[in-house]
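**Student:** Once you've had a glance at the structure underneath, I'll fire off some questions.
Throughout, read-outs are computed from the coordinates displayed, never taken from laboratory work. Given the structure is predicted, the values throughout are model-derived calculations rather than measurements. Note that each Cβ is placed from the backbone with ideal geometry, even for glycine, and that neighbours are counted across all protein chains shown.
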């Protein structure tokens, strides 16, 4: 059994209406001048004004930074740092999806420690104290609220950099499923599949532990049972809550076990073609599961044990891959890379880029450029 050291530094506050506790949670942590980081879409949905009202009612002085896009890059983070220096916050609150939460972490890291995002690629490179943070996720996807990593794109290559440090863990994550009601269906679908991919990949990596396996299995159980439900019945708060918890649990699993080949292959697609991360994973993950299962079909047994799957025949990996295809179909995703317009002659270049991704090193089956090309060809 793999040795592990397990600690969850983030307090989880969950339930419909949890956002109403934001002012109290911030005040209890000693916040006085929080910087609220959120995107334009959340402003249009009214969530930013609501958060501002709650924080100001608690006696806090707060300003908003929103000058960033989906998949924030290092330049956007630097803009946030410049804004923060004029406000001089004593704390940070991330409100939104993974982009808002990752941007909040990146701004905090550079504001307190200086340098550039590339200086923090890897883990444990912060040498000065960071500001305390609260996460208020409005999607069920990345699980960033449960992780000590900021995923920020390089401004020139657009490739994602994983920058981790123990201090990047949020002090509190307030999960309110009512906040996810404002998501467009496409965001619900793509974010939900991202969370499913986290559950599937963390369950089988070389770094998986007995603890991470618990979170991976429960995450997949919740996500598998509620993905179609939340798409068919978008006002179902129970389903939305289950998806939020599933995404959070999968994020906890990532902290212990990391990810695998599907994420390594998805990142170059996102960088080169601006393909939504969840869409890329929906195309790739079934093929990665089958590809890994060729080496060890039992890898996925614990994940699917006791969970009803649509396919009744075939090996464990084949059954799981069939279910993932079914989920992807319900999400309205393209069936293959060819459909998205990716030129076949680009696959070798994509494979070379995928082989450099850190997540590939944790895949249960050895993974390099040749193996990445095989995955892309299967998905084409």
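**Student:** Place a point 7 Å from the Cα of residue 345 along the Cα-to-Cβ direction; which residues of region 267-295 have their backbone N under 19 Å from it?
**Tutor:** Counting only backbone N, you get 272-273.
**Student:** Where does each of 36-47, 101-112 land if you order them by average Cβ count within 10 Å, highest first?
**Tutor:** Ranked by mean Cβ neighbours within 10 Å, highest first: 101-112, 36-47.
**Student:** For labels at residue 118 and residue 90 in the simple 7 Å Cα→Cβ model, what's the distance in nm?
**Tutor:** Result for the modelled spin labels: 3.7 nm.
**Student:** In degrees from 0 to 90, rounded to the nearest 10, what is the angle of the helix 185-202 Cα long axis to the longest principal axis of the chain?
**Tutor:** Helix 185-202 and the main axis of the chain meet at about 70 degrees.
**Student:** Additional query: Could you tell me which of rounded, prolate or oblate describes region 1-160, using a ≥ b ≥ c as the square roots of the eigenvalues of the alpha-carbon gyration tensor, with rounded for a/c under 1.5 and, failing that, prolate when a/b is larger than b/c and oblate otherwise? Write down the numbers at each step before the final one.
**Tutor:** Details: a/c = 1.44, a/b = 1.20, b/c = 1.20.
Because its axes are fairly even, with a/c under 1.5, region 1-160 counts as rounded.
**Student:** What is the gain in length, in nm to one decimal, between residue 356 and residue 335 on full extension, counting 0.36 nm per residue of separation less the C-alpha to C-alpha distance?
**Tutor:** Result for the pair: 5.0 nm of gain on full extension.
**Student:** Rounded to the nearest 5, what % of the DSSP beta bridges within the chain are antiparallel ones?
**Tutor:** Numbers: 5 of 26 bridges.
Around 20 percent of the beta bridges assigned by DSSP in the chain are antiparallel ones.
**Student:** With just the Cα atoms defining each centre, how far is region 218-247 from region 24-87? Give it in Å.
**Tutor:** First find each Cα centre; the distance between them is then 28 Å.
**Student:** At 37 °C and 0.692 mPa s, grab the translational diffusion coefficient of region 218-272 from Stokes-Einstein with a Kirkwood Rh over Cα pairs, rounded to a whole number in µm² per second.
**Tutor:** 262 µm²/s
**Student:** With a 10 Å radius around each residue's Cβ, average the other Cβ atoms per peptide and rank 62-69, 8-15, 245-252, highest first.
**Tutor:** 245-252, 62-69, 8-15
**Student:** Given a cut-off of under 8 Å on Cα pairs at least six residues apart, what relative contact order in percent is computed for region 11-180?
**Tutor:** Values: 353 pairs, mean separation 46.8, N = 170.
With pairs under 8 Å counted, the relative contact order is 28 percent.
**Student:** Let me ask something else. Let me check against my output: what whole-number percent is the relative contact order of region 123-182, with C-alpha pairs under 8 Å and at least 6 apart?
**Tutor:** Rounded, it is 45 percent for region 123-182.
**Student:** If you don't mind, there's one more thing I want to ask. So in region 11-180, what percent of DSSP beta bridges are antiparallel if you round to the nearest 5?
**Tutor:** Here the share of antiparallel DSSP bridges comes out near 20 percent.
**Student:** Right, next: Taking 0.36 nm per intervening residue step and subtracting the Cα-Cα distance, what contour gain separates residue 32 from residue 63 on full extension?
**Tutor:** This chain segment gains 10.0 nm when fully extended.
**Student:** On C-alpha positions alone, give me the angle between the axis of helix 74-87 and the longest principal axis of the chain, in degrees, nearest 10.
**Tutor:** Between helix and principal axis, roughly 20 degrees.
**Student:** Can you put 272, 56 in order of Cβ neighbours within 10 angstrom, beginning with the fewest? Don't skip to the answer; put the middle values down first.
**Tutor:** Values: 272 16, 56 12.
Fewest-to-most ranking of 272, 56: 56, 272.
**Student:** Another question, if that's okay. What is the angle, in °, between the Cα long axis of helix 277-295 and the longest principal axis of the Cα atoms in the chain? Nearest 10 is fine, range 0 to 90.
**Tutor:** Here the helix axis deviates by roughly 40 degrees.
**Student:** Here's a follow-up. Which one, (1) 1.00; (2) 0.94; (3) 1.06, gives Cα Rg over 2.2 N^0.38 Å as derived from the coordinates shown?
**Tutor:** Of the labelled values, this structure produces (2).
**Student:** Residues of region 189-231 with amide nitrogen under 13 Å from the 7 Å Cα-to-Cβ point of residue 1?
**Tutor:** Within reach of a label on residue 1, which here means backbone N under 13 Å from a point 7 Å along Cα→Cβ, region 189-231 contributes 209-214.
**Student:** Then there is this: Sort out for me the Cα centre separation of region 175-195 from region 284-298, rounded to whole Å.
**Tutor:** 27 Å
**Student:** Counting other beta carbons within 10 Å of each residue's own, what order do 201, 156 fall into, fewest first?
**Tutor:** Starting with the residue having the fewest Cβ neighbours, the order is 156, 201.
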